[in-house]
Amino acid sequence: MGVSPALPVRVQAIVHRIVVLLTLGCLPGVAAAQGAAARTFDVIVVGSEPEAIAAAVAAAESGARTALVSEETRLGGLFVTGAMNVLDLRMTPVPYQRGLFERWWERVGRGNAFDVARAERAFADLLREARVDVTLASPPVVPTVEAGRVVGIQVGSQTLRATHVIDGTTDAHVAAAAGARSSIGWESLGLRARMVDTLVFRIDGIDWEALRAGVRARGRSYAYADDRIAYGHFGGHPAAFVAETTGVRLRGLNLGRQDDGTVLVNALLIYGVDPFDEGSKADGHARASAEVERIVAWLALDVPGFERARAGGVAETLYVRETRHLDARCVLDIDAVMDNVVSELDIAAGGYPLDVQTLRPTDDGFVYGAPEIYGVRLCMAVPNGVDGIWVVGKAAGFDPIAHSSARVVPFGMTMAEGVGVAAALAAGRGALPQAIADDPSFVGEVRDELRRRGAWLPPVEGRRSAGPVGHPHYDAFREMLRWGLAVGGYANEPHLDATVSRTGLLYLISNVFVRADGDERAGRALIARFGLADGTMSAATAADIVASALCAQGRCPDDATWDELRAAGFDVDRQGAPVTRGEAYELASLLTRGRSPGAELAFERWPR
């Protein structure tokens, strides 16, 4: 069945949904979400995101009687209803994402971008071929918990029981309802913020070859374009768009071309959305939608190939980048990512940059670094405090900065494949996640099965940490990085020898007060006392500022404090030479002594 390119995205969604439901309807196991006798499975997966589908297919192909249940009406989640059709891949030095992801990718053309309709059909075909029992458009899913263990789900009047349940929803709400704890956004770093949401929209009438020619003529600093994708700042023209709607902003363009020549655009940012409130998400969707025609007209003024561009519709759902971060048995943290840690307990490998999209309208996002490779373990999918359930997708056990790399879907699908295999193997022997997630023998079996399935697991060997290892202030840089207060960029270069101003040090310390101490007033008082000033700063001034900051914490410095600094390479008595960024990190690190970011900090400061 074809889809007219003239149809808006929301109308296309209806047609695509009919195609998928007809396809799934060929399965004898497909259930309409209505009353029926209790049914029993080995593995139940909740959700229709790509990661949920990967987990379900892997479990079924590994011999488990598997059901996938979703409250959504379509398969594919972010890739389909969110219309996010550009892939964030790590292909060097080898393709990290193989196995089940690669099988899906082959079906959608193996390009940097894909056609949404083909993607939806590919997901449906994989589920059908694996004979997964699929229920779409279900009533709200409620976990069934007995004696601290999830033993199934309730779907309206229907009861489904299983040895293992996998939560593949966007926000791990099934695991949360079962008692799994999570922090929200950047709470574990002492900050009540999260990455901004996006509404993908479609543009028709773009002359793609003219776009590519214009990009080539203006150079790589302007943008990049190939036969399927284009991305870049485009001379700053997109970001100069002024929205009429509150809390909406356009950034540099990320374009993905579909089979029919239409182009999907990831660039429209929406602030102030509560991701757990349907009304708030609808409001954000409406606010962003109202700007699309004006945006397309603005882009046509300067972007090559856009002269005849016209708005073609918007995605059904928002791209919600960040919600919960699972309090898991083990957590992928920024240290493991920056240290390029790979182990014999890993079930997948990642290597996407630590790309944090804007948290607030006043910032433009942050690139904290670019790892070579890191591994992810089964225990990162297992929540503390409740058994019988796993979590896959963006809400798994990643700290907020590590999440900025691990959130990408190709990586999530490779991890989910490992979880699906593990759930199937464990169900076959009556074992539960808490008992086997850290067991080297069991994980070894999972790794062997993943290799047989075509997955790639990197060799376990020592690797150099990212950034200027050996610099006298590298450890201080890493301490600030743990709090999200230092960046290395794509080149892993934090410029530790660059000079820092009084303004820079005062803002750094103010942020330490907010994140480590939950104190906004101390930083403001420090700024009022010393005043902001650009240019270089003397060591004596920096020492005075930090001494005052320590006193605000009730820890006025003694000679031993300055002896520590001298040992770390900071001469508090020196004359002339200005203070460097590395030294500023060293000074700020004094203020975080005895404090660590993490889930416990979030739960203590914002109890639920």
Entirely in the stretch 266-368, the strands (runs of 3 or more DSSP E) that have 2 or more residues that are out of contact with any Ser or Thr (no Cβ under 7 Å at 6 or more places or on another chain): 310-314, 346-350
Options D283, D260, D226, D204; residue that is touching a strand residue (DSSP E or B) at 6+ places or on another chain (Cβ under 6 Å) and modelled with pLDDT of 95 or more: D204
Condition broken by L211, with the remaining ones in (1) touching a residue at least 60 places away in the same chain (Cβ under 8 Å); (2) touching a helix residue (DSSP H, G or I) at 6+ places or on another chain (Cβ under 7 Å); (3) not aromatic (F, W, Y) satisfied: (2)
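Within the stretch 426-451, restricting attention to residues that are acidic (D, E) and touching a residue at least 60 places away in the same chain (Cβ under 8 Å), which residue is farthest from G385 (Cα to Cα)?
Top of the filtered list is E449.
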Could you run through the stretch 555-573 and say how many residues are open to solvent by 70 Å² or more (accessible area, probe 1.4 Å) and either closer than 13 Å to L591 by Cα or outside any loop (DSSP other than H, G, I, E, B) (or both)? 7
Does V242 meet the test of being aliphatic (A, V, I, L, M) and either touching a helix residue (DSSP H, G or I) at 6+ places or on another chain (Cβ under 8 Å) or surrounded by 18 or more Cβ atoms within 10 Å (Cβ to Cβ) (or both)? no
Counting only residues in the stretch 241-257 that are within 24 Å of the chain's Cα centre (by Cα) and part of a loop (DSSP other than H, G, I, E, B), the one farthest from D171 (Cα to Cα) is identified as G252
Whichever residue in the stretch 512-554 is assigned to a loop (DSSP other than H, G, I, E, B) and of a type in the set (D, E, K, R) and, among such residues, is farthest from the chain's Cα centre (by Cα): D534
Only one residue in L253, L264, L268 is closer than 19 Å to R321 by Cβ, touching a Lys or Arg at 6+ places or on another chain (Cβ under 6 Å) and either open to solvent by less than 10 Å² (accessible area, probe 1.4 Å) or not hydrophobic (A, V, I, L, M, F, W, C) (or both), so which one is that? L264
In the stretch 531-546, residues that are surrounded by fewer than 18 Cβ atoms within 10 Å (Cβ to Cβ) and at negative phi total 8
Pairs please, first residue from the stretch 357-384 and touching a residue at least 12 places away in the same chain (Cβ under 8 Å), second anywhere and of a type in the set (G, A, S) and surrounded by fewer than 20 Cβ atoms within 10 Å (Cβ to Cβ), Cβ atoms under 6 Å, 6+ apart in sequence or on different chains. Q357/G365; T358/G365; L359/A193; V367/G489; G375/S343
Name the helices (runs of 4 or more DSSP H) wholly inside the stretch 94-207 in which the number of residues that are open to solvent by less than 20 Å² (accessible area, probe 1.4 Å) is 3 or more. 99-107, 116-130
Which of the following residues is surrounded by fewer than 22 Cβ atoms within 10 Å (Cβ to Cβ), within 27 Å of V392 (Cα to Cα) and either out of contact with any Lys or Arg (no Cβ under 6 Å at 6 or more places or on another chain) or of a type in the set (A, V, I, L, M) (or both): D439, D517, D475? D439
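The values are calculated or read from the model by the stated rules, or taken from the named source; none is laboratory data. Here the structure is a predicted model, which means the values were calculated and not measured. In this analysis, Cβ positions are derived from the backbone assuming ideal geometry, glycine residues included, and neighbour counts consider all displayed protein chains. Keep in mind that these areas ignore ligands, DNA and RNA; they rest on the heavy atoms of the full protein, side chains included. Shrake-Rupley method; radii C 1.70, N 1.55, O 1.52, S 1.80 Å.
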